[in-house]
Structure formats: C-alpha cells, structure tokens
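These notes are about the structure you will find just below.
The values are calculated or read from the model by the stated rules, or taken from the named source; none is laboratory data. As the structure is a computational prediction, the values presented were derived from the model and not from experiment. Ideal geometry is used to build each Cβ from the backbone, glycine not excepted, and the neighbour counts take in all protein chains shown. Note: accessible area is taken over every heavy atom of the protein model, side chains too, but ligands, DNA and RNA are not part of it. Shrake-Rupley method; radii C 1.70, N 1.55, O 1.52, S 1.80 Å.
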Amino acid sequence: MLRGGCKASEKRRHLSESLSWQQDQALSSSIYLLRQIGPTGFLLKEEEPEKGDFRVLLGNPHECSCPTFLKRGELCKHICWVLLKKFKLPRNHESAFQLGLTEGEINDLLRGIHQVQAPQLRASDETAQVEEDGYLKQKDINAGDICPICQEVLLEKKLPVTFCRFGCGNNVHIKCMRILANYQDTGSDSSVLRCPLCREEFAPLKVILEEFKNSNKLITISEKERLDKHLGIPCNNCNQLPIEGRCYKCTECVEYHLCQECFDSCCHSSHAFASREKRNQRWRSVEKRSEVMKYLNTENEGEAKPGCFQEKQGQFYTPKHVVKSLPLLMITKKSKLLAPGYQCRLCLKSFSFGQYTRLLPCTHKVKATTLHFTFTKRQFSNKFRSKVAVEV
C-alpha cells in the first residue's frame, strides 16, 4: 500500500509523548464517521474545536487532510481515532503509532486480529421481528454494543438512541443520525435515511428530526457543562466542588481526589495517583514526584478511606428504601413520554402506555423496572445527597 512511490516508513518501537497526547485528543474528541471510502478510507466530521470534515486514508504512509497532519506530517488525532476507535487497536500496539503500515499489516488490521475484544453490532438478523406499525423491532442493547458513527459504547455514555426500522433493527445515537442526515441525499422531510450498518432504509428523516428535538429535552443542564468540570467530584483537601481543570485520583483510597493546586502543594500519603483533564477521558497514571512528601491532615485522611474498600469493591446496590422514596409515576395515553425520542436513560428503550417510572433527583425519568442498578460510591452519594446530576 505504497502511494506515489513513497518508501516504507521507518519502524517505530516506542510510543512518544507527543503521539500519546494525540491519542488522548482522539479518545476525548467528538468525532463522527460519515462515510467509509473502501476498506481504508474514511470521511470524518469533528464538532470541536476545528468543526470540519476530514478525509483519512490508511496506508504507507497514512494521510489526513487536517491542518495538523499537513503541517507536521505526524499522526494526527483523526488517524489515531480511526486506529483506536474504528479498528479497536490497543493504544500501545506497534501498529497504533507507525506513520504507515505495510500491506500485510493493513490486512491484519482489517481482519481485527489485534483489536481490543468487544462485541460488535450485527448488520443483519434473520430473526428480526416486525411490529404492528410495519417497523422492525428494536434490538436490545448489550454491554458491548457501539454506535457505528461515533464508535462509542452505547451503555457507557447513555445518550438517546434510535434504531434501523427497515433493515437490521440495530441502535444508533439519535444525534449521530442527525449529523449523518446532512451528508445523505435528504431533499425533504419525507426522505428516508440509509442505515450506516446494513445500508438498507433506516427511518424517515422527519422521524429522526422529531426524535432529535424531543431527545434534547432529556439532557440536563449538568450534562451540558464544560468537560473540564468533573461533576460530582470534590477536592478532598480544599473542598472545591466540582474540581475544574486537571483532576487527580488516588489509586488506593476509595473516591479520594485532589485539584491541581492541592496536588502540587501536598502529597496524600505515599499513594500513587492517576489524572485526567476532562471527565470523558480515561484516568492515566501519574509518575511519582521526587520532592519531599507532605501529608494531609488526619481528619481528611479518615474521610478518604472509610472502611478501606478496594476500588473494585466500590460498587453496591442502591438501598430499596432509597428507590421506594423516589416518586412513582404511571405513563398515561396522553403522556409526552410516548412521543418519539423520549426514552429511559438507563436502558435506552422507549416508554410504553401503562408503565411505571421513577423520578430521579436529577429530573431524569427512568423505568421503575430498570432501577435495580449499581452506583459507585461517589455516584451514590452525589446523586442522592448532593443532588448533582451525573450522566445516566
């Protein structure tokens, strides 16, 4: 896969700090796959900060039409997004940080032999059921199902979804389908969108527009806050709530966090920390500092380790009396929850007449039968004590 007589790119053996930053940007940016051009070409759209469309071509070397790649000739976040999100490569895999890949490596990439194992959405299902309205039945959402446009796991972000009504019944974010509609031939509201998975008819555009309008009403004010605000996370030293900017988390104490200033001025015991800049980013290990360690006061230390629970043991079921204390509402025939786009923010399924819902302190309404879920210790305390809305 050499282009224009280019020589094979020199093999890299290590992931550089600058490329690691590009990978962070790729994983935290809102990027959408609008169209696939053959097996290794992709048309991407980015919301922020560049708000543009970019064409990525994998080969030897890789190519991207973004200013960053054209100026530096290094891997940009768009190429990293295709490698990490679309092809599910581990970020430390050699193929994830090369300037280009040989034909054999491209074939391995397409076969997915190196990818992080995660269930994929199926493009078709012979057992798909047809409802009374003539549409296919919406498929249940499993733990590993992803949106084929933004490549995010559906049950992690809990964003409202729609589904392919005429082809495969698979689920896609409503927002993503609204973005995709701008790149398909939709001359009027009566146009029908194509499914990005099975390529059959997905749904009428007017249905997607109505779902998009209604689904925006499900998003709370807190969810629209800047991503550098770590909602529901207080600094255990200065009590800033929420922490803004870079946030640090102790890897040994349960839900112990520090803001940048407190992390720089004091060191919590001798424990290791992880950090992140935005709340939608993964926590990354922080190297131990060489300066003399300072300790927080014993009162804060005691609050940081109640019961000395381990991180993996930090989940528990919501007490029954808490669930029962939430207002219980029945859906009537005239309820607005029956309109297209309204759905439970836990299971992402539509409401139906006669169902019961619970009203959460964050103003979300969820199906009463799906409220038997687990919270981390922080999510529980903030949702029911401080009433700080989290992404559910």
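Residues in the stretch 55-100 that are touching a helix residue (DSSP H, G or I) at 6+ places or on another chain (Cβ under 6 Å) and more than 22 Å from residue 282 (Cβ to Cβ): 4 in all.
Filtered by the rule that a residue be of a type in the set (Gly, Ala, Ser), touching a residue at least 60 places away in the same chain (Cβ under 8 Å) and part of a loop (DSSP other than H, G, I, E, B), the stretch 331-353 gives 339, 341. Among 261, 255, which is the only one that is under 23 Å from the mean Cα position of the chain (by Cα) and over 30 Å from residue 35 (Cα atoms)? Among 261, 255, only 255 is under 23 Å from the mean Cα position of the chain (by Cα) and over 30 Å from residue 35 (Cα atoms). For the stretch 356-392, taking the residues that are open to solvent by 50 Å² or more (accessible area, probe 1.4 Å) and in a loop (DSSP other than H, G, I, E, B), the one that is modelled with the lowest pLDDT is identified as 391. Exactly one residue out of 295, 317 is modelled with pLDDT under 65, open to solvent by 70 Å² or more (accessible area, probe 1.4 Å) and under 28 Å from residue 357 (Cα atoms): that is 317.
Inside the stretch 19-116, counting only strands (runs of 3 or more DSSP E) that do not spill past its ends, which hold 3 or more residues that are crowded, with 18+ Cβ neighbours inside 10 Å, of a type in the set (Asp, Glu) and modelled with pLDDT under 90? Working first, answer last.
Numbers: elements: 31-37, 41-46, 53-57.
Because the criterion is at least 3 residues that are crowded, with 18+ Cβ neighbours inside 10 Å, of a type in the set (Asp, Glu) and modelled with pLDDT under 90, no strands (runs of 3 or more DSSP E) in the stretch 19-116 meet it.
Of all the criteria given as (1) crowded, with 19+ Cβ neighbours inside 10 Å; (2) modelled with pLDDT under 95, the one not satisfied by residue 16 is (1). Taking the criterion of being in contact with a helix residue (DSSP H, G or I) (Cβ under 7 Å, 6 or more places away or on another chain), among the polar types (S, T, N, Q) and either open to solvent by 10 Å² or more (accessible area, probe 1.4 Å) or at pLDDT below 90 (or both), would at least one residue in the stretch 176-186 satisfy it? There is at least one residue in the stretch 176-186 that is in contact with a helix residue (DSSP H, G or I) (Cβ under 7 Å, 6 or more places away or on another chain), among the polar types (S, T, N, Q) and either open to solvent by 10 Å² or more (accessible area, probe 1.4 Å) or at pLDDT below 90 (or both). Given the residues 244, 261, 255, 225, which is the only one that is of a type in the set (D, E, K, R) and buried (at least 18 other Cβ atoms within 10 Å of the Cβ)? Every option except 255 fails the conditions.
Candidates 209, 227: the one that is closer than 30 Å to residue 365 by Cα, aliphatic (A, V, I, L, M) and in contact (Cβ under 8 Å) with a residue 60 or more places away in the chain is 227.
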